[in-house]
1. So, in region 65-89, exactly how many residues are more than 20 Å from PHE302 (Cα to Cα) and assigned to a helix (DSSP H, G or I)?
2. Is there a residue in region 471-485 that is modelled with pLDDT of 95 or more and among the charged types (D, E, K, R)?
3. Restricting to region 331-341, name every residue that is open to solvent by less than 10 Å² (accessible area, probe 1.4 Å) and under 21 Å from CYS402 (Cα atoms).
4. Looking only at region 304-321, which residues are assigned to a loop (DSSP other than H, G, I, E, B) and out of contact with any strand residue (DSSP E or B) (no Cβ under 8 Å at 6 or more places or on another chain)?
5. Any idea which of VAL467, VAL447, VAL489 is buried (at least 24 other Cβ atoms within 10 Å of the Cβ), within 21 Å of SER370 (Cα to Cα), among the aliphatic types (A, V, I, L, M) and within 17 Å of the chain's Cα centre (by Cα)?
6. Only residues that are in contact with a helix residue (DSSP H, G or I) (Cβ under 8 Å, 6 or more places away or on another chain), surrounded by 24 or more Cβ atoms within 10 Å (Cβ to Cβ) and farther than 16 Å from SER322 by Cβ: list them for region 276-301, please.
7. When you scan region 324-375, how many residues do you find that are closer than 30 Å to GLN461 by Cβ and of a type in the set (Asp, Glu)?
8. Suppose we keep only residues that are farther than 16 Å from HIS289 by Cα and in a loop (DSSP other than H, G, I, E, B) within region 322-341. Which one would you say is nearest to the chain's Cα centre (by Cα)?
Amino acid sequence: MGRTSRKRSTLANRAIAASAALILGGGGLVAANFYASAHEGWGDDRTGPRTQSAGQAVSTIDCPEVVNSIEEVPDDQRFAVDRELATLDTQITTYYQRFADNKERVQSDRTFAQNEILTPLKNERLVIIQRIVALIDRSAERPEGLESTAPCTLRGDDNDGQDGGGDQNGGQNDGQDGGQDGGDQDQNQDGGQDGGGQDDNGDGDNNDGDNGDNNGNDGNNDNGGQAGNGPAEGDFVDIQSVQPNVQEPRQRRGASRGTFTTDCGVNENGKFNSDNVIAAPGVSNGAHHMHDYVGNQANDAFASDDDFANGDTTCNNQGDKSTYYWPVLRLQNGQNEFDAGEDGGGNDQNVGEIQTPSEVTLTFEGNPRSKVTAMPKFLRIITGDAKSFTNGDANANASWSCTGFEDRQLKDKYPICPEGSQVVRSFKFQSCWDGQNTDSANHRTHVAFADEDGRCQDGFQPIPQLVQRIVYDVPPPVFDGDNASVFAVDSFPEQLHKPITDHGDFINVFDEDLMDEMVDCINDGRRCQ
């Protein structure tokens, strides 16, 4: 179906500039030890890395999110622009591997880092960015300044509590707008650097030269991740040490208090791929990590709306052909998975045994102050940000907890659950829709979170809110050299398997009658399934 042109608020660009200033310009949020190009703040007299504190290692590549600087993408260029954006992700993955294979040299030799990683990566990104500019210029106003997003930096795993002491009071209940208050939900992915966690370097220094074995089953590193890129011990916290932090909004007169639950299984049939048909349509391995899928079985990078409409579904109610997907959770225990030598798996440093959830609950909820309206068919929603570690936490929205402790939600930590308790991942999706578009240029600005009282911003209307709860029976993490065993979500390689990068995706393929039934159920205050 056709899509209108998508525009972004100029406030988003201000947020991007602010984020860049935080990354490059000093203050408490500067990565402890990183290299930047002269364009980004190094004068010609610099002879070494910019250092805030001794001993912290460079651990990843940090590149600006180009899509956040694009204000408009014409309909006829949407597909081509998305493909070019996916190419930028592939470039970062390639250079991250070069960085990981030469980590000690990168750490000690500024010239090598600049000449072998930062400069060629910037040049390759510039070619793709200029191609994006030319594509947009064919049918819309030529974007200005996009080339300034080409340079990248190298940064440390700056786990120093930048979200307010580890953001253990975060999760999905700390400002559900995900940094989108006041109607500016398109400030996404820019606000600050999430960091999170304690002072573990997360650098895997002792694994230099070993990362060529992407299966990662050659032992463990000082950062805990068998592929040499996380997670680190500081990415975990004992859930019993976290104070209760969940606050539900007050239900007002006129609220829609009902719920509608759809049962689509736990992916027991094992549908996986590393595509992302929303963010990277037509691109194989566009996610660079493996996804679990429940619901529609036609989902891959090349699926069209017609494919979804005609696809099979795992949902008990066959009127729900929606697709629900999220990064797999793996147990990094030295065991190979089927994708150990494949893209999205070992080739992208996602290693270990994929864990099948013990329970998946998909519930659509109402609005605390008003009735909801039907979602349009083929509405696409992404919640959370797969690149939150480098983009900042403005869109980090998934949360982590343990059964029996779900009044305590974590955004930037994995939970260590006591005996008899299971790990819980939760996602709350945006619940306000612009009334026009099923997608947008950055796949976010056509939907928004309601404010703390449940009010949608001007021009947006409340829709049923999808809440996903995914439960796993996994053992607590063990950090003990060769005997290490940790769980982690799949991620882009440079995101270091941080819990804050967790995210979920949804495409509405309910038939109209069932969608109307859902809306009536929620608005009438009933519990339906």
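The values are calculated or read from the model by the stated rules, or taken from the named source; none is laboratory data. This is a predicted model, so every value here is computed, not measured. FYI the Cβ positions are ideal-geometry reconstructions off the backbone, even for glycines, and counts take in every protein chain you see. Accessible surface areas use protein heavy atoms only, side chains included; no ligands, DNA or RNA. Shrake-Rupley method; radii C 1.70, N 1.55, O 1.52, S 1.80 Å.
1. The total comes to 4.
2. Checked region 471-485: at least one residue is modelled with pLDDT of 95 or more and among the charged types (D, E, K, R).
3. Matches in region 331-341: GLN332 only.
4. Answer for region 304-321, where residues must be assigned to a loop (DSSP other than H, G, I, E, B) and out of contact with any strand residue (DSSP E or B) (no Cβ under 8 Å at 6 or more places or on another chain): SER304, GLN318.
5. On the way: VAL467 fails: buried (at least 24 other Cβ atoms within 10 Å of the Cβ); VAL489 fails: within 21 Å of SER370 (Cα to Cα).
Just one listed residue meets the conditions, VAL447.
6. GLY286, HIS288, HIS289
7. 1
8. The qualifying residue nearest to the chain's Cα centre (by Cα) is SER322.
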